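Each remark here refers to the structure printed beneath this line.
The values are calculated or read from the model by the stated rules, or taken from the named source; none is laboratory data. The structure presented is a predicted model; accordingly, all values stated were derived computationally and were not measured. Methodologically, a virtual Cβ is constructed for each residue, glycine included, from the backbone with ideal geometry; neighbour enumeration extends over all protein chains shown.
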Amino acid sequence: MKCGTPLKGKEFSSKMQEQQSLRKQFFRFSTATVASLMVFSLYSIVDGLFVARGVGEYAMSAVNLSVPFINLLFSIAVIFAVGTSTIIAYLLGQKNAQSANKLFSQNLVTLTVIGVTISVLVLVFTEPFALLLGADELTLEYTIHYLQGLAPFAVCFMISYNLEVLVKTDGRPRLALITVCVGCVTNCVLDYLAIFHWDMGIWGAAAATGVSQLLTCVIYMTHFFGKHTTFHPVRFRMDWKIYRRLLPIGISDGLTELCNGLMIFLFNHTILRCIGTDGLVAYTIIAYANTLVINITMGISQGSQPLISFQNGREDGAAIGKLLGYGLRTMCGVAAVCFTALFLAAPALIGMFLPEAEPQMLAFSTDAFRRYSLCYLPVGFNIYIAGFLTAMERPVPAVAISTGRGLILQGSILLLLAAVFGGSSIWFAPLISELLCLGLSVFFLLRLRRTHRTLAP
């Protein structure tokens, strides 16, 4: 899945001037972002868990098949969220509240139009879209029902995440975290009721997720219509020129999110071709664990980006070097803990989602899970270095790393392994691509150290 946490100029400056160590600042910013992303990732995991236990394993696979659609919604939201929040923060720093209010309002209207358009298209062409996502005769009906439950709430998914970032920009990170938690709890409760009490099946699980997103939108909008906000909705005239500035700012993070969805899409199709639907069941569980690990590493990266950008503006190479060191050492610990925990807990996790599965299915899924988990050793370093380069205003190498590890390298290796070796070899594709991308990441990092005049050697 998500993007950084922009802050207002004055607030950020005051925070940086506090008598605290750089290390404490690093962990405070990173921990807050990790917590928010971890809670947010529970949405799809909860859906999958309840659907697997209440409907069936093939229904759970349908949830995974629909993930690229959700990624598409979030990639659009990320582009507008990062671009809008960055420009609004700049305008507020220039004491131009009127322009900030107009941009905020235009952003909401634009996302509403895009969201409604997507909802209509998916509802009209649900079956072709489900087939495009990879649904087969065992999962088609489930996928159609899940998409029909999600599609009416497409605008809520985009606006909810967009407003989460803007609430942080408004200096209310605690409100953002509380709202995300409220949405997650609501999703859990409604999932349970819809599946086990109201007998609404997989459609009910999707609708529960949509309603929880709607609730978070209401909470955020209540804040922006209140008195304690720096910017708020106003009447405005469309300014199309602003998108020349807005879209390039958000495109890097948006591409990362989109690549995640495309990679899941490619994995789903490859698994169905090489292994079959049972392989897709295993990958669905793997994808849930992968979401948690990626969100931990993304949270550390995104949380530290404002700190790195601030020190870069001060031309404090020593501080930048320390932040880089904190991040890389933290990733070492995260890699070791995540890999060890998931490798050892693989049978228990598989059994939690598939309590009634055949022993052969459990053994196959556990083996696939453990092979895939090897990629968690290098993945954090690539994600952190890409985020570091973004904060240092090096978007081209950052995009190269993000798209390389997230789609180009992994997709190419996946297809190569499937064609040459087939079967279970595909589970090694993420590990090989992350290792190759790590070489690219180190190259860009070393080049930056040679060329950036303020970065300490």
Practice task
Answer yes or no: is there a residue in region 192-203 that is in contact (Cβ under 8 Å) with a residue 24 or more places away in the chain and of a type in the set (Asp, Glu).
Solution key: no
Exercise for the section: Answer yes if at least one residue in region 358-367 is over 19 Å from Leu49 (Cβ atoms) and among the charged types (D, E, K, R), and no otherwise. Expected result: yes
Exercise for the section: Enumerate the pairs (first residue in region 330-356 and at positive phi; second residue anywhere and outside any helix (DSSP H, G or I) and surrounded by 13 or more Cβ atoms within 10 Å (Cβ to Cβ)) with beta-carbon separation below 9 Å, excluding pairs fewer than 6 apart on the same chain, so at least 6 apart or on different chains. Expected result: none
Practice task
Give the residues of region 84-105 that are charged (D, E, K, R) and in a helix (DSSP H, G or I), sorted by residue number.
Solution key: Lys102
Exercise for the section: Exactly one condition in (1) crowded, with 18+ Cβ neighbours inside 10 Å; (2) modelled with pLDDT of 85 or more; (3) among the hydrophobic types (A, V, I, L, M, F, W, C); (4) more than 25 Å from Ala336 (Cβ to Cβ) is not met by Phe388; state its number. Expected result: (4)
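Does any residue of region 67-82 turn out to be more than 30 Å from Gly327 (Cα to Cα), surrounded by 19 or more Cβ atoms within 10 Å (Cβ to Cβ) and under 25 Å from the mean Cα position of the chain (by Cα)? So that I can check it myself, show each step before the final result.
Taking region 67-82 as the starting set, the residues that turn out to be more than 30 Å from Gly327 (Cα to Cα) are 69.
In the following step, the residues that additionally are surrounded by 19 or more Cβ atoms within 10 Å (Cβ to Cβ) were identified as 69.
Remaining after also requiring under 25 Å from the mean Cα position of the chain (by Cα): 69.
For region 67-82, residues more than 30 Å from Gly327 (Cα to Cα), surrounded by 19 or more Cβ atoms within 10 Å (Cβ to Cβ) and under 25 Å from the mean Cα position of the chain (by Cα): present.
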Practice task
Go through (1) buried (at least 21 other Cβ atoms within 10 Å of the Cβ); (2) closer than 14 Å to Phe69 by Cβ one by one and return the number of the condition Pro152 breaks.
Solution key: (1)
Handout entry: In region 54-83, the residues that are assigned to a helix (DSSP H, G or I), at pLDDT 80 or above and farther than 18 Å from Leu258 by Cβ
Key = Gly54, Tyr58, Ala59, Met60, Ser61, Ala62, Val63
Exercise for the section: Within region 168-205, work out how many residues are in contact with a Phe, Trp or Tyr (Cβ under 6 Å, 6 or more places away or on another chain) and under 16 Å from Val78 (Cβ atoms). Expected result: 1
Practice task
Consider only pairs whose beta carbons are under 9 Å apart and that are at least six residues apart or on different chains; among these, list those whose first residue lies in region 13-33 and is modelled with pLDDT of 80 or more and basic (Lys, Arg) and whose second residue is assigned to a helix (DSSP H, G or I) and surrounded by 13 or more Cβ atoms within 10 Å (Cβ to Cβ).
Solution key: Arg23/Lys322; Arg23/Tyr326
Practice task
Identify, from the list Thr403, Thr366, the residue that is β-branched (Val, Ile, Thr) and free of Cβ contacts under 8 Å to residues at least 24 places away in the same chain.
Solution key: Thr366
Exercise for the section: Would you tally the residues in region 252-300 being surrounded by fewer than 21 Cβ atoms within 10 Å (Cβ to Cβ) and either free of Cβ contacts under 8 Å to residues at least 24 places away in the same chain or of a type in the set (D, E, K, R) (or both)? Expected result: 3
Exercise for the section: Of all residues in region 301-322, count the ones that are assigned to a helix (DSSP H, G or I) and over 14 Å from Thr390 (Cα atoms). Expected result: 5
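Quick one: would you say Phe236 is over 28 Å from Ala391 (Cβ atoms) and either among the polar types (S, T, N, Q) or not in a helix (DSSP H, G or I) (or both)?
Working: over 28 Å from Ala391 (Cβ atoms): yes; either among the polar types (S, T, N, Q) or not in a helix (DSSP H, G or I) (or both): yes.
Yes; evaluated as a whole, the condition is true for this residue.
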Problem - Within region 181-215, tally of residues that are closer than 17 Å to Phe153 by Cα, surrounded by fewer than 24 Cβ atoms within 10 Å (Cβ to Cβ) and β-branched (Val, Ile, Thr) - result: 2
Practice task
Output the residues belonging to region 204-228 that are without any contact (Cβ under 8 Å) to a residue 60 or more places away in the chain, of a type outside the set (S, T, N, Q), assigned to a helix (DSSP H, G or I) and more than 28 Å from Leu123 (Cα to Cα).
Solution key: His223
Problem - Only one of Ser433, Ser425, Ser402, Ser441 that is over 19 Å from the mean Cα position of the chain (by Cα) and closer than 16 Å to Leu262 by Cα - result: Ser433
